[in-house]
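The values are calculated or read from the model by the stated rules, or taken from the named source; none is laboratory data. Everything quoted here is computed from the prediction, not taken from an experiment. Glycine also receives a Cβ, built like all others from the backbone with ideal geometry; neighbour counts cover every protein chain displayed. When the accessible area is computed, the model is the full protein with side chains, heavy atoms only, and any ligands, DNA or RNA have been set aside. Shrake-Rupley method; radii C 1.70, N 1.55, O 1.52, S 1.80 Å.
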Amino acid sequence: MGSLVGKVALVTGAGQGVGQGIALALATEGADVAVVGRTAAKLETTCELLVERGVRAVPFVCDITETSTIPATVAQVVETMGGVDILVNNAYSGAYGPLLTIDDEAVERSFASGPFATLAFMKACHPHFVARGGGNVVNLVTSAMVRWDPTTYGVYAAAKQAVRALTRTAAVEWARDGIRANSIAPHALSPGLKWWTEQNPEEAEEFVAAIPMGRIGDCELDIGRAVVALLGEDMRYLTGATIPLDGGQAFFG
């Protein structure tokens, strides 16, 4: 334990679910965390949990769909926390539905919160990574990108596929700056997925049955701990990869 002592992580969408799970795992290893999201009360709750693990945690309210505000948020994080070493782009506002009927505003929000926000955070963090001698980017994508039947997931998959392309590009363009960039494609029992499973028990049963390991992942223990491993020195030569954290359900060939 303590592999991330002295590091500062910026985690978006850390007020709940997968983002919170990742933040908790990072804190367990000693990283201080900038907890970024839209809802102040949720951010405060996460910060309390992180402080209990002995690290510094500060909430930063930011609507990532307002991409023009992202550089100022990163600047505020750096001023408050003393720098940034790790960026986790987790927050996303999804758009789901058939292509012919999906709402145009939802599509715009999907791309604003997906590749546009991801790129804005990456660009804003880049000079601060360089100032610290390097850094790590972890972007969240989805197995829907390679789903054999993408019905109703098309816009979501397209936005995340764009994030995946940006990740791979940053991995190549920024490698000489000491910056690694990787993607993860998780399945985890976030509040949203938990609600869906409760409302759609038959579909949820089929969904779980399609996971070779037979269960949905835990936000901290299965996703957060994997991110910790990805950030570690043992993975220092890995960049530009997409890691499926889904119990074997998807194949990224």
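Details
- Qualifying positions in the range 218-230 - farther than 14 Å from residue 90 by Cβ and not acidic (Asp, Glu): 221, 225, 228, 229
- Summed over the range 178-219, residues that are in contact with a Gly (Cβ under 6 Å, 6 or more places away or on another chain), of a type in the set (A, V, I, L, M, F, W, C) and part of a loop (DSSP other than H, G, I, E, B) total 2.
- Only one of the numbered conditions (1) closer than 24 Å to residue 194 by Cβ; (2) at pLDDT 95 or above; (3) out of contact with any strand residue (DSSP E or B) (no Cβ under 7 Å at 6 or more places or on another chain) is violated by residue 64, and that is (3).
- Tabulated pairs, the range 25-43, first within 20 Å of residue 74 (Cα to Cα), second among the acidic types (Asp, Glu), C-beta under 6 angstrom, 6+ apart or interchain: 38/63
- Flag if residue 244 is touching a helix residue (DSSP H, G or I) at 6+ places or on another chain (Cβ under 8 Å), open to solvent by 30 Å² or more (accessible area, probe 1.4 Å), at pLDDT below 95 and within 28 Å of residue 84 (Cβ to Cβ): no
- Counting the residues of the range 14-29 that are in contact with a strand residue (DSSP E or B) (Cβ under 7 Å, 6 or more places away or on another chain), open to solvent by 10 Å² or more (accessible area, probe 1.4 Å) and under 18 Å from residue 81 (Cβ atoms) gives 1.
- Complete set of residues in the range 124-172 that are part of a loop (DSSP other than H, G, I, E, B), among the hydroxyl-bearing types (Ser, Thr, Tyr) and more than 25 Å from residue 73 (Cβ to Cβ): 151, 152, 153
- Output for the range 121-152, where each listed residue is in contact (Cβ under 8 Å) with a residue 40 or more places away in the chain and aromatic (Phe, Trp, Tyr): 121, 129
- Screening the candidates 172, 155 for the property of being open to solvent by 70 Å² or more (accessible area, probe 1.4 Å), of a type outside the set (D, E, K, R) and touching a residue at least 60 places away in the same chain (Cβ under 8 Å) yields one hit, 172.
- Condition met for residue 111 (crowded, with 22+ Cβ neighbours inside 10 Å and in a helix (DSSP H, G or I)): no
Table: residues versus (1) within 20 Å of residue 114 (Cα to Cα); (2) surrounded by 14 or more Cβ atoms within 10 Å (Cβ to Cβ).
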| position | (1), (2) |
| --- | --- |
| 179 | no, yes |
| 183 | yes, yes |
| 190 | yes, yes |
| 193 | yes, yes |
| 200 | no, no |
| 205 | no, no |
| 210 | no, no |
| 230 | no, yes |
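- Close pairs from the range 103-120: first among the hydrophobic types (A, V, I, L, M, F, W, C), partner open to solvent by 10 Å² or more (accessible area, probe 1.4 Å), Cβ under 6 Å, at least 6 apart: 107/155; 112/65; 116/67; 117/64; 117/67; 119/166; 120/67
- Unique match (being among the polar types (S, T, N, Q), more than 16 Å from the chain's Cα centre (by Cα) and closer than 29 Å to residue 129 by Cα) among 151, 169, 242: 169
- A single member of 46, 67 is hydroxyl-bearing (Ser, Thr, Tyr), closer than 20 Å to residue 137 by Cβ and under 17 Å from the mean Cα position of the chain (by Cα), and it is 67.
- Taking the range 44-100 as the range and being out of contact with any Leu (no Cβ under 9 Å at 6 or more places or on another chain), farther than 30 Å from residue 149 by Cα and in a loop (DSSP other than H, G, I, E, B) as the test, the residues that pass are 52, 54, 62, 63, 66, 82, 83.
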